[in-house]
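Worksheet for the structure shown next.
The values are calculated or read from the model by the stated rules, or taken from the named source; none is laboratory data. Bear in mind that the values here come from a model prediction, so they are computed numbers and not experimental data. Here Cβ is always computed from backbone atoms with ideal geometry, including for glycine, and neighbour counts include all displayed protein chains. Accessible surface is based on the protein model in full, side chains and every heavy atom, while ligands, DNA and RNA are left aside. Shrake-Rupley method; radii C 1.70, N 1.55, O 1.52, S 1.80 Å.
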Amino acid sequence: MPVRKLTISVSEYDDDIKTIVAPALQGGLDVTFKKYSNLPDLSDYSGGDKYPLTLVGHANGVSMKIGIGLGDRVDGETVADQLLAKGLDAKTFPFCLIAGCSGAASKADGLYIKIADKLGIPTVASSTPIKISRAGEKVTLTPQSSGTWRVYFPASEERFDLQISGRCDNIRSLLDKQEFQCHQGVA
């Protein structure tokens, strides 16, 4: 199976995604940037254990926004179920990155844990809202208000800050080579 990066826009009708994220990915090699509701069959996508599955969108700790209405939100299990229903083999990706706000607002429960448990792969998310910016082909994601990037490992049910040496070294190494750059939080 060929290695093909997969970046999915979960939130639709979003100006930051249109003006910052999409242009940075348009020139990327083997990058798919599809809106959540228009996803193709995903059985041909494989991260080759070096490219994360990246979900871009607004999150609030327990759900992701999928549309423009106030009630247009789905929980992490629903997001994962709909990806798996399209034939995605999540285990071919080394981890999932939630490129959005507050996906790991709770250390004990919430969006990133539900997605990780359903997909069966580690999931990385911010504990607070993020600032998103672009420089060339890189998209910078920076947690605000002293936030941090958290990683949940579903096989062992362990939770770590991404910056912790040891358990998260491989994830940090892979993230350093991606379009999405997870920076340290700011006060």
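If we scan segment 70-88, do we find a residue that is among the hydrophobic types (A, V, I, L, M, F, W, C), touching a strand residue (DSSP E or B) at 6+ places or on another chain (Cβ under 9 Å), over 23 Å from Asp14 (Cα atoms) and outside any strand (DSSP E or B)? Steps first, answer last, please.
From segment 70-88, those among the hydrophobic types (A, V, I, L, M, F, W, C) are 70, 74, 79-80, 83-85, 88; that's our starting set.
Among the residues that remain, those that are also touching a strand residue (DSSP E or B) at 6+ places or on another chain (Cβ under 9 Å) are: 74, 79-80, 83, 88.
Right, trim to over 23 Å from Asp14 (Cα atoms) and you get 88.
Still in the running and outside any strand (DSSP E or B): 88.
Checked against the condition, which is being among the hydrophobic types (A, V, I, L, M, F, W, C), touching a strand residue (DSSP E or B) at 6+ places or on another chain (Cβ under 9 Å), over 23 Å from Asp14 (Cα atoms) and outside any strand (DSSP E or B), segment 70-88 yields at least one hit.
Just give me the residues in segment 61-83 being in contact with a helix residue (DSSP H, G or I) (Cβ under 8 Å, 6 or more places away or on another chain), among the polar types (S, T, N, Q) and open to solvent by less than 70 Å² (accessible area, probe 1.4 Å), in sequence order. Result: Ser63, single match.
Candidates in segment 168-184 are the residues that are without any contact (Cβ under 8 Å) to a residue 12 or more places away in the chain and open to solvent by less than 90 Å² (accessible area, probe 1.4 Å); of these, the one that is nearest to Ser145 (Cα to Cα) is Arg172. Thr32 meets each of the listed conditions (1) within 26 Å of Ala105 (Cβ to Cβ); (2) open to solvent by less than 80 Å² (accessible area, probe 1.4 Å) apart from (1). Every condition in (1) modelled with pLDDT under 90; (2) open to solvent by 10 Å² or more (accessible area, probe 1.4 Å) is met by Gly87 except one, and the failing one is (1). Restricting attention to segment 40-55, does a residue exist that is open to solvent by 70 Å² or more (accessible area, probe 1.4 Å), in contact (Cβ under 8 Å) with a residue 24 or more places away in the chain, within 18 Å of Lys118 (Cα to Cα) and outside any loop (DSSP other than H, G, I, E, B)? No, segment 40-55 has no match at all. Does any residue in segment 5-30 that is farther than 22 Å from Lys50 by Cα and among the small types (Gly, Ala, Ser) come within less than 6 Å, Cβ to Cβ, of a residue that is open to solvent by 30 Å² or more (accessible area, probe 1.4 Å) and at pLDDT 80 or above six or more places away or on a different chain, and which pairs are these? Correct list of pairs: Ser11/His58; Ser11/Lys65. Look at (1) touching a helix residue (DSSP H, G or I) at 6+ places or on another chain (Cβ under 6 Å); (2) open to solvent by less than 60 Å² (accessible area, probe 1.4 Å); (3) in a helix (DSSP H, G or I) and you find that Lys114 fails only one, number (2). Given the condition of a type in the set (S, T, N, Q), closer than 21 Å to Tyr13 by Cβ, crowded, with 22+ Cβ neighbours inside 10 Å and free of Cβ contacts under 8 Å to residues at least 60 places away in the same chain, answer yes or no: does some residue in segment 96-110 qualify? Scanning segment 96-110 turns up at least one residue that is of a type in the set (S, T, N, Q), closer than 21 Å to Tyr13 by Cβ, crowded, with 22+ Cβ neighbours inside 10 Å and free of Cβ contacts under 8 Å to residues at least 60 places away in the same chain.
Name the residue, out of Ile8, Ile68, Ile17, that is touching a Lys or Arg at 6+ places or on another chain (Cβ under 7 Å) and among the β-branched types (Val, Ile, Thr).
Numbers: Ile68 fails: touching a Lys or Arg at 6+ places or on another chain (Cβ under 7 Å); Ile17 fails: touching a Lys or Arg at 6+ places or on another chain (Cβ under 7 Å).
Residue meeting the stated conditions: Ile8.
Would you point out the residue of segment 130-164, among those that are among the hydroxyl-bearing types (Ser, Thr, Tyr) and outside any strand (DSSP E or B), that is surrounded by the most Cβ atoms within 10 Å (Cβ to Cβ)? Ranking the candidates gives Thr148 first.
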